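Right, one structure below, let's go through it.
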Amino acid sequence: MQRAIVGMTGLLCLCSAVFADAPQTTPPRSSNPNTGSEVKKAAPADRDVTQDGMIQDEDGGIAGGAGELCTSAVPIACGGSSTVDLRTFNQTGDTGHPCHNGGAGGGTNTAWWSFVPPAGTTTVRIYNCDHVGLPADTAISIWSGTCAALTNVGCSDDSCGTGDGYMSEVCVAGLVPGQTYFINMSAWQISDAGIYTIRVECPCALFLQGACCAIDGSSCADGVTGVACAQAGNIFQGAGTTCASVTCPVFCDPTKIPEGEPFCSDPDVTNSGCNDLSLLAFSPINCGDRICGDYFANGALRDTDWYEVNLSDPATYLTWTLLGTHGMLGFIIAPGPDPLDPCTGNAILVSDAQPAGTPVTISACVGPGITWLWAGNPSFSGVPCVGRYNAELLCDVCPIGACCLTSTCQDGLDAAGCAAAGGIYQGDGALCANVDCVGACCLADGSCSNLNEPACTAANGVFNGQGTRCGDAFIFCNGACCACPAACTVTSQQNCQAAGGFFQGNGSTCVDVNNCAATSIVETVCTPGTDNFNGGCNSTPNIFSAITCGQTICAGSANPSGAGPRDTDWYRFDLTQTSRVKWRVVGTSAMQANILSMSAGGACPVVGNLIAEISSGAFVSVEIEITLPPGNYVAFAGVPLTAPPGVPCQNTYRGELLCCPLPNDCTGGTLEGEANCGGAGGGGGSDTTNGGCNITPALFTTIGCDQKICGTTAIDTTLRDTDWYSYTNPGSAPFDVCFSATSSKIVTLIRAPAACPIPDGAFGVSFLFDPCDPDCITITPAGPGEQWIIIVVNPFNTAGEGEYAAVPCGSDEGEYSLEVNGTCAPPCVCGDSNCDGVVNILDINFFVAAVQGQAAWTALHGGSPTCSYCCSNDTNGDGVVNILDINSFVAAVSSGGCTNSTMCP
């Protein structure tokens, strides 16, 4: 069954940059930039104190795509990567990290790999800097020796990454080819455990030679290694570069105002801001000022600079730009409400981090009074004394737009003012005259009311999108509700969840969901830590429940203390053919879902934690999807290890295992004909076939009535191929859009001509299709000749909802079939020359054109008539359209019609 995931009006954006939606970066986790201040990080206020380990999850937790211990380290090679869920590595007693910025030897939830440098390789870079989302704080170390006698040869904590820069990157030289080294990655503390990808790059570019620019841009030297260049306080331009091929950046030219802080001063008495509450020292800055600043980060300390601007205008749009010799992190900060204690309750308005040589540009609309501007390195190491940066503060009028409030729309508010008023901001420059704030709101009793979104939220309703209306197509306020044990009722989403049921989607019926059929798994005893029912590798002896492809499970999981031990359920399944596998779990509390690879025969220990995700809350479905070769696997379900204040044994969940054998080729259709996957999934290039509104000029593939198209999509971490189709319905009869795919795909239908931009007010709705689960969507047009855009795309990963393995370009899991079925023959109404379904004086001009010839008639219809030329205009029934039809046409207009010609095809 396909599931409707959104209904909307207005512009639907399935695009960004190059034919793809790019995952959004996440602002820094800290609510206070003090946590990234001069003093080495040591359990700041918004973190828990680092513990030595974690309570065991039953008998040891889930291993991942790495070893639980040094002795079970998983091999990783140059160019390799490994994704693990550190939440499932729960052992104590691991070797800690000597560079841990909370005390040497710290770190928890540790995963292990082994690495053997190949011949000729003496340097390596180990990193996870490209991590996106939260949590985001790790430490990585490289060790030589044996597991019983390890010697640290490299360590990294807080070296890179977006936001706070708490990710890790370590380069090591002097490696011995053929010798085994060990790599471990840990979460900084328990709350930082999450899904991370570690990467191995050989050689480390910092040990290669290239151009080295002086910090003031006055000189350049060739043949300098990156390490030596940085140690000299200069700027490395990259491995293999030459001075002739680069333009050295210029920092701190005479036109800029010196920051005035002595180099590498500790303590910082110039502008330490909230890092030193006894001083509260801020550097004054004015609109238009351009600053030359200095900074450092040596692993123990980092210099962060706080500037203060005092504004008098009611609203000012600040733009803070930073460019550094090393990485830069910038904040715009609102002080706390108490002027005598402004550091308490301060709030980051906006932030960004960029590597050396790339500008940080952030903007915010602020009110009168004091605002702070913050500059520093994203991490606590990697900036020798002294790094330099350029800073500039620009001030302008705040952008304003329309704001949808509870019962009205107000022009002239900025985004912050709209949010403060409890409204929904409509975008810079938007006007209430062009905005429809009202949408269909599904209330708890199953009724529908047209309300503004804030009013709908206040009424505990489910808002269906601005511009929607009760009674519109696809607006349903009831759906199937599945209880656990299995039982089906039809009710509202609110009532379903209040009763502990799992809502299957607005408009769904009990027939659609097979009356919620599920296999009930009932554990006779719910005692976390002693699960002898299906505790898998956590139980002694190891014991599993069985699950088969297509089966739905109804069961329970618990974590009474909220910090473990917990009851977790392990379902074993076997694949005899390569398949795209989806494991979907939803519970009355947040749920964790994993797919694990088992040893031959399905025996413990776990070989790898292949994919995992934790739902964002109760009744939020989480699904994970991956392509698996034949083998033995486990679908794991459980309450998260950290689930305060605790989840009792009464918690229930539904788990559904779906498998799509590969290949599962689309046959009998027209090939889409796109060769490069639109640049996604490793395809390269760009989508010059059907990139729709993602490219200029826009390109759509036309799909006809009763036509089937066999297409492919692809997705990687940054791009996805989106396929845009155009369909014109010949008449006004309903038509079906039928779809099937080998991996999860979103199909979006928009009632609009194939043109860009899509007009505001265009109706659109999206559906998520599961792998190998064909279904059809029935569309009832508003009239004849209606045009529709159909978009096919793979879903991006969404934290707390879905984690989908990549779909490479040209892979079996990229395939889909799209088919439109309907009443294809143009309608035949004798005398209806304008194709509106009735015969009257409005047909005269079109009939005059028809007598002149079919080309003239077609042109008057804009090139796309929706009725038959012959049948509509051959009013005398002789099979041709000419002047002999004039008298009979006049009679038809007078009488409202004529007999259809039997001579027309």
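The values are calculated or read from the model by the stated rules, or taken from the named source; none is laboratory data. All values derive from a computational prediction rather than experimental measurement. Glycine also receives a Cβ, built like all others from the backbone with ideal geometry; neighbour counts cover every protein chain displayed. All accessible areas refer to the heavy atoms of the entire protein, side chains included, with ligands and DNA or RNA removed. Shrake-Rupley method; radii C 1.70, N 1.55, O 1.52, S 1.80 Å.
Just a few scattered comments:
- Once you reduce the stretch 495-572 and the stretch 620-647 to the center of their Cα atoms, the two points are 11 Å from each other.
- If R0 equals 56 Å, the separation of the Cβ atoms of Ala119 and Phe263 corresponds to a calculated FRET efficiency of about 0.80.
- Value of D in µm² per second that Stokes-Einstein yields for the stretch 414-572, Kirkwood Rh from Cα pairs, at 10 °C (1.306 mPa s): 83
- Ordering Gly357, Pro605, Trp188 by the projection of their Cα atoms onto the charge dipole of the chain, which places +1 on the Cβ of Lys and Arg and -1 on the Cβ of Asp and Glu, puts Pro605 at the extreme positive end.
- Rounded to the nearest 20 debye, the dipole magnitude of the stretch 518-661 is 120 debye, with +1 charges on Lys and Arg beta carbons, -1 on Asp and Glu beta carbons, and the Cα centre as origin.
- Two-site FRET efficiency, Ala228 against Lys256, from Cβ-Cβ distance with R₀ of 22 Å, rounded to 0.05: 0.20
- Cα centroids of the stretch 382-430 and the stretch 763-829: 36 Å apart.
- Candidate residues Lys582, Lys256: accessible-area rank, largest first, probe 1.4 Å: Lys256, Lys582
- Take the Cα radius of gyration of the stretch 670-822 and divide it by 2.2 N^0.38 Å, N being the number of residues; the result is 1.00.
- Gap separating the Cα centres of the stretch 109-162 and the stretch 433-448, nearest whole Å: 52
- Computed from the Cα positions only, the extents of the stretch 166-208 along the three principal axes stand at 36, 22, 14 Å, in decreasing order.
- For the stretch 827-904: rounded, prolate or oblate by the Cα gyration tensor [a/c cutoff 1.5]: rounded
- Annotation: the stretch 70-206 has a Kirkwood hydrodynamic radius of 14.6 angstrom, from the mean reciprocal C-alpha pair distance.
- Student exercise, the stretch 380-524 dipole from Lys, Arg, Asp, Glu Cβ charges, in Debye to nearest 20: 240
- The chain: projected area of the alpha-carbon convex hull, averaged over directions, in nm²: 43.3
- Residue (of Val124, Pro98, Thr110) at the positive-pole extreme of the stretch 70-206, dipole from beta-carbon charges: Val124
- For the chain, the dipole from Cβ point charges (+1 on Lys and Arg, -1 on Asp and Glu) about the Cα centre works out to 840 debye, to the nearest 20.
- Enclosing the Cα atoms of the stretch 252-358 in their convex hull gives a volume equal to 125 cubic angstrom per residue.
- Helix content alone sets the calculated 222 nm mean residue ellipticity of the chain: runs of n ≥ 4 DSSP H residues at -39500 (n - 2.57) each, divided across all residues, give -1500 deg cm²/dmol.
- Rounded to the nearest 0.05, the FRET efficiency derived from the C-beta distance between Gln852 and Cys705 at R0 = 35 Å is 0.80.
- Peptides ranked, highest mean first, by Cβ atoms within 10 Å: ranges 537-545, 215-223: 537-545, 215-223
- Label sites at Gln650 and Cys395, each approximated as a point 7 angstrom past Cα along Cα to Cβ, lie 5.8 nm apart.
- Dipole orientation for the chain: of the candidates Gly862, Gly535, Ala473, Gly535 has the Cα lying most toward the positive pole (charges on Cβ; Lys, Arg +1; Asp, Glu -1).
- With K and R counted +1 and D and E -1, the other residues having a Cβ less than 10 Å from that of Ala892 yield a net charge of -3.
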